[in-house]
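Data block below; observations after.
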Amino acid sequence: MELRQLEHFVAVAEERHFTRAADLLQISQSGLSASIRSLELELGTSLFIRSTRRVELTAAGQALLADSIRTLASAAAAQNAVAAVRGLVRGTLTVGAEPCLGSVDLPAELGRFRVANQGVEVRLRYAGSLEIMESVASGKTDVALVVTTGATAPGVQIRPFHRQKLVVLCHPDHRFAGRSEVDLESLHEESLIGFQPGWGAQVLARRAFAAAGLDYRAAMEVNDVHPLLDLVGFNLGVAIVPESFAQKRPDELCSIALPSGTPEWTAVVAAAAEPSPAAAAFLAQLARSSNQAASSVASSSGDSVTSAA
């Protein structure tokens, strides 16, 4: 069994299609099919159920997939570790993020990283926090910027970088406008506009309702901040969002506090406990940027105090 065969197998398993996998690997479809057949002969079992439209993993294929991903990741980590000893950061950096976390200018950070580490291929994917955290735990994502939503998986470390309260967002003509606080029972009677399952705010809102003995029901679900703000702006419902989302349209929408004890929205950087050299370099860069931002805020506060004095 060769690493090349495992790479071919994982590509077909993830794409569920031989042609797409061959295009991704930049090899011929016949060559890919021959590689998979050779692997199946060596293992003495079929790995895929083939049809005219797509392929599905057999039970044996499902059993092989997780170990194949780990094996390929370990092989890449070994190559990158040798390069790091020679003073080179190489390999691939895969970053996952939930959009609009605030505090981190991710495009700028990735731009600086690529300039400083030109031997590293940078990949980025936006999705909900739950999905991204699962991909960190499985080794598919190196560094994640997400909202913490529960227990951290074994082998994953997190570092909080931004914490804020959840608030209710509504139209100025809504009955909640002008209130200082809204309880969950009142919210339960309203049409909720929320994010799709797996997004940080959705998970935390669902948890808050469950703690109050209420079921969470969203009348409308989105996968981006701006459509949510648009829907609230047309008075189609209310939304539970972090304070920073409400600040995007402070003159158009009303922000109301939630009761004390409502879960907080905490953004974190997540990575494997033993990150690859590329991931370690990016984590170090993020830490430096965070420290510089904190120093800048402290300096500005000191200047303000001095000026006031």
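The values are calculated or read from the model by the stated rules, or taken from the named source; none is laboratory data. Just so it is clear, the model here is predicted, and its values are computed rather than measured. As a convention, Cβ positions derive from the backbone with ideal geometry for all residues, glycine included, and neighbour counts pool all protein chains shown.
Numerical summary
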{"quantity": "Residue check for Leu24: under 26 Å from the mean Cα position of the chain (by Cα) and in contact (Cβ under 8 Å) with a residue 40 or more places away in the chain", "calculated": "no"}
{"quantity": "Residue that is surrounded by fewer than 17 Cβ atoms within 10 Å (Cβ to Cβ), closer than 24 Å to Ala75 by Cα, acidic (Asp, Glu) and out of contact with any Pro (no Cβ under 8 Å at 6 or more places or on another chain), where the choices are Glu56, Glu14", "calculated": "Glu14"}
{"quantity": "Search result, residues across the range 228-252 that are over 16 Å from Lys165 (Cα atoms), assigned to a loop (DSSP other than H, G, I, E, B) and touching a residue at least 12 places away in the same chain (Cβ under 8 Å)", "calculated": "Phe234, Asn235, Leu236, Gly237, Arg249, Glu252"}
{"quantity": "Residue match in the range 135-158 (condition: outside any strand (DSSP E or B), buried (at least 19 other Cβ atoms within 10 Å of the Cβ) and of a type in the set (A, V, I, L, M, F, W, C))", "calculated": "yes"}
{"quantity": "Tally of residues being part of a loop (DSSP other than H, G, I, E, B) and not small (Gly, Ala, Ser) across the range 180-196", "calculated": "5"}
{"quantity": "Residue in the range 197-215 that is in a strand (DSSP E or B), outside the structural domain of Ala151 (by TED's automatic domain parsing) and among the β-branched types (Val, Ile, Thr) present", "calculated": "no"}
{"quantity": "Residue check for Leu192: under 21 Å from His226 (Cβ atoms), in contact with a strand residue (DSSP E or B) (Cβ under 6 Å, 6 or more places away or on another chain) and among the hydrophobic types (A, V, I, L, M, F, W, C)", "calculated": "no"}
{"quantity": "Selection within the range 102-134 - part of a loop (DSSP other than H, G, I, E, B) and either under 15 Å from Ser276 (Cβ atoms) or in contact (Cβ under 8 Å) with a residue 40 or more places away in the chain (or both)", "calculated": "Gly102, Ser103, Val104, Asn117, Gly119, Ala127, Gly128"}
{"quantity": "Which listed residue, of Arg37, Arg54, is modelled with pLDDT of 90 or more and basic (Lys, Arg)", "calculated": "Arg37"}
{"quantity": "Check on Ala271, in a strand (DSSP E or B) and in the same structural domain as Glu121 (by TED's automatic domain parsing)", "calculated": "yes"}
{"quantity": "Filter result for Ala177 (assigned by TED's automatic domain parsing to the domain that holds Lys248, part of a loop (DSSP other than H, G, I, E, B) and of a type in the set (A, V, I, L, M, F, W, C))", "calculated": "yes"}
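Yes or no, residue by residue, for (1) farther than 29 Å from Ala137 by Cβ; (2) buried (at least 21 other Cβ atoms within 10 Å of the Cβ); (3) modelled with pLDDT of 90 or more:
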{"site": "Leu228", "(1), (2), (3)": "no, yes, yes"}
{"site": "Val232", "(1), (2), (3)": "yes, yes, yes"}
{"site": "Ile240", "(1), (2), (3)": "no, yes, yes"}
{"site": "Ser244", "(1), (2), (3)": "no, no, yes"}
{"site": "Glu264", "(1), (2), (3)": "no, no, yes"}
{"site": "Ala280", "(1), (2), (3)": "no, no, yes"}
{"site": "Ala308", "(1), (2), (3)": "yes, no, no"}
